[in-house]
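Every read-out reported here was derived from the displayed coordinates using simple, explicitly stated rules and does not represent laboratory data. None of the values given here were measured: they were computed from a predicted structure. Neighbour counts run over all protein chains shown; Cβ positions are idealised from the backbone, glycine included.
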Amino acid sequence: MRDIMLFMKRITVTAKDFGKRLASLRKELGLTQTELGEKVGVSCRVIAYYEGETHYPPAHLIEPLAKALKVSTDELLGVKLIKQQRDPQHAALWRRLKKIESLPKRDQKALLHYLDALVQKNVAAG
């Protein structure tokens, strides 16, 4: 009986915080709802729904969501603590940097060369 009670409590905690945890993990990676939806094969509206309007994790999407968010399914569900905490303040920067990957290789090199020069300049000055 005690095992059943612990299991039910775990399900309640998982369900209660799933949407918040999903949104937090997505933002920490710098992903938009659309980008996460594309990674798991659903629309941004589905992601928005699970982030805000339901407490029940979608069983068929748990594994793809965990993979896309680079966490274990247990971490996504709140069964285990998330090992790697990311800084949400850097989410916008990460999102911009990810867009660089879509540029042609020549433009990527030019942009990275510029960033390296800018960083070196500021390191030398400061």
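Of the cross-linked pairs LYS20/LYS80; LYS39/LYS70; LYS20/LYS98; LYS27/LYS67; LYS39/LYS99; LYS67/LYS109, those separated by over 19 Å at the C-alpha level are LYS20/LYS98; LYS67/LYS109.
Looking at the stretch 27-125, the GluC sites (Glu not before Pro) that sit in a DSSP loop and have at most 16 other Cβ atoms within 10 Å of their own Cβ are GLU53, GLU101. Hey, how many Å between the Cα centroid of the stretch 56-80 and the Cα centroid of the stretch 94-120? Each part's Cα centre sits 31 Å from the other's.
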